[in-house]
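Structure record follows, encoded as structure tokens.
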Amino acid sequence: MTIGVDFDGTIVTDAYPQIGKELPFAIETLKMLQKDQHRLILWTVREGKYLQDAIDWCKERGVEFYAVNRDYPEEEETKNDHYSRKLKVDMWIDDRNIGGLPDWGTIYNMVKEHKTWKDIIRERAGSANSYGGPLQERKKKWWQF
């Protein structure tokens, strides 16, 4: 699986342009994902020196990305001196996700076990609702997707 990973607010706390504190288990989880043969692409708004700082910070901790801000390492710049701004990845790990960033243990389990947010929520809810009765699927209204 190819996974796009944000830096600020995802691997480290958001302190741009400085590098924030590492989020608990971020580096360990990224290493485990790489060990599981996933391709990790660093996808960040950082550029120039600030981008290199982030790359070096990760590398010092044992995480080297398959590519940085591009789909593959050999991708060439266009005539406008820009790379493709839309990655072709299977999954994104980003603090700007709807619902925010789950903890890194949950992220790893979602990737490893091919689970969705809906799967995780159902598991956490267990087999009973707050009134002690069984969970039941609600019938969707015509205006719901």
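The values are calculated or read from the model by the stated rules, or taken from the named source; none is laboratory data. Note that the structure is predicted; figures quoted are calculated from it, not measured. Here the Cβ is made from the backbone with ideal geometry for all residues, glycine too, and neighbour counts use every protein chain on show. Side chains are part of the model used for accessible areas, which takes the heavy atoms of the whole protein and leaves out ligands, DNA and RNA. Shrake-Rupley method; radii C 1.70, N 1.55, O 1.52, S 1.80 Å.
On the basis of being of a type in the set (V, I, T), modelled with pLDDT under 90 and part of a loop (DSSP other than H, G, I, E, B), does I19 make the cut? I'd like the intermediate steps shown before the answer.
Values: of a type in the set (V, I, T): yes; modelled with pLDDT under 90: no; part of a loop (DSSP other than H, G, I, E, B): yes.
When the stated conditions are applied, I19 does not pass them.
Which count do you get for residues in the range 36-66 that are in contact with a Leu (Cβ under 8 Å, 6 or more places away or on another chain), within 19 Å of G9 (Cα to Cα) and not β-branched (V, I, T)? Steps first, answer last, please.
Here is the first cut: in the range 36-66, the residues in contact with a Leu (Cβ under 8 Å, 6 or more places away or on another chain) are 40-41, 43-44, 54-55, 58, 63, 65-66.
Narrowing the set further to residues that are within 19 Å of G9 (Cα to Cα) leaves 40-41, 43-44, 54-55, 58, 63, 65.
Restricting the remaining residues to those that are not β-branched (V, I, T) gives 40, 43, 54, 58, 65.
Residues flagged as in contact with a Leu (Cβ under 8 Å, 6 or more places away or on another chain), within 19 Å of G9 (Cα to Cα) and not β-branched (V, I, T) within the range 36-66 amount to 5.
Does at least one position in the range 43-58 carry a residue that is under 12 Å from the mean Cα position of the chain (by Cα), under 20 Å from N97 (Cα atoms) and among the hydrophobic types (A, V, I, L, M, F, W, C)?
We begin by selecting, within the range 43-58, every residue under 12 Å from the mean Cα position of the chain (by Cα); these are 43-44.
The next check asks that each one be under 20 Å from N97 (Cα atoms); those that pass are 43-44.
If we keep only those that are among the hydrophobic types (A, V, I, L, M, F, W, C) as well, we get 43.
Yes.
What pairs come up if the first residue lies in the range 9-25 and is closer than 18 Å to N97 by Cα, the second is among the hydroxyl-bearing types (S, T, Y), and their beta carbons are under 8 Å apart, counting only those six or more places apart or on different chains?
Going by the 8 Å Cβ cut-off, the qualifying pairs are L23/T10; L23/T13.
Residues are listed down the side, and each one gets a yes or a no for (1) on the phi > 0 side of the Ramachandran plot; (2) modelled with pLDDT of 95 or more; (3) out of contact with any strand residue (DSSP E or B) (no Cβ under 7 Å at 6 or more places or on another chain):
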position	(1), (2), (3)
T29	no, yes, yes
Q34	no, yes, no
Q37	yes, yes, yes
D56	no, yes, yes
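Among the residues of the range 1-38, how many are farther than 21 Å from T106 by Cβ and open to solvent by 50 Å² or more (accessible area, probe 1.4 Å)? First the steps, then the outcome.
In the first step, residues of the range 1-38 are kept if they are farther than 21 Å from T106 by Cβ; the result is 15-19.
Of the ones still in play, those that are also open to solvent by 50 Å² or more (accessible area, probe 1.4 Å) are 16, 18-19.
So the answer is 3.
Please tell me if W43 is of a type in the set (A, V, I, L, M, F, W, C), over 25 Å from I121 (Cα atoms), open to solvent by 20 Å² or more (accessible area, probe 1.4 Å) and in contact with a Gly (Cβ under 7 Å, 6 or more places away or on another chain). Break it down stepwise before answering.
On the way: of a type in the set (A, V, I, L, M, F, W, C): yes; over 25 Å from I121 (Cα atoms): yes; open to solvent by 20 Å² or more (accessible area, probe 1.4 Å): yes; in contact with a Gly (Cβ under 7 Å, 6 or more places away or on another chain): yes.
Criteria met by W43.
Quick one: in the range 96-126, which of the residues that are open to solvent by 100 Å² or more (accessible area, probe 1.4 Å) and outside any helix (DSSP H, G or I) is modelled with the lowest pLDDT?
So, considering only residues that are open to solvent by 100 Å² or more (accessible area, probe 1.4 Å) and outside any helix (DSSP H, G or I), the one modelled with the lowest pLDDT is I98.
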